[in-house]
Amino acid sequence: MNSSQKPDKEPPLGVINGTLEMDRVKLLSLLDEVIVNLHQKITSGRIRDPDNEKLRLAAIKTLAYTASVYGSLLKDHDLKELEARIEMLENAIQKRS
């Protein structure tokens with residue numbers, strides 16, 4: 001361990017193995033599981049009891065919100081990949097000049 005590292009300091013919340021990329025992958029995986037689980041609950045009949053209609057609607061809203069977050073993360077990932085490709089192309093152009 002070098003002098004710049006503090007042995008008792010923990011990584012920030014949301015960081016896995018010191019990289020944010022691992023967070024995105026893990027979060028997308030977790031959201032994928034949540035979406036499948038909620039979809040099954042909504043469509044399987046487990047919440048179709050009229051007395052539980054509010055619960056069913058809440059599950060649908062949760063599924064919609066989770067899908068929205070999932071989509072946003074996918075867009076963020078795509079943008080990051082595009083930025084990396086643009087940077088590589090710019091570097092290649094500079095080397096040719």
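Each value in this text was obtained by applying a stated rule to the coordinates, not by laboratory testing. What you are looking at is a predicted structure, and each value in this text was computed from that prediction instead of being measured. Every residue, glycine among them, receives a Cβ derived from its backbone with ideal geometry; neighbour counts consider all protein chains shown.
Descriptive notes on the structure:
- Share of alpha-carbon pairs per 10 Å distance bin for region 20-96, given as whole %: 17, 32, 21, 15, 8, 5, 2
- Lys/Arg +1, Asp/Glu -1 at C-beta; region 20-96 dipole; positive extreme among Val25, Ala59, Ala84: Ala59
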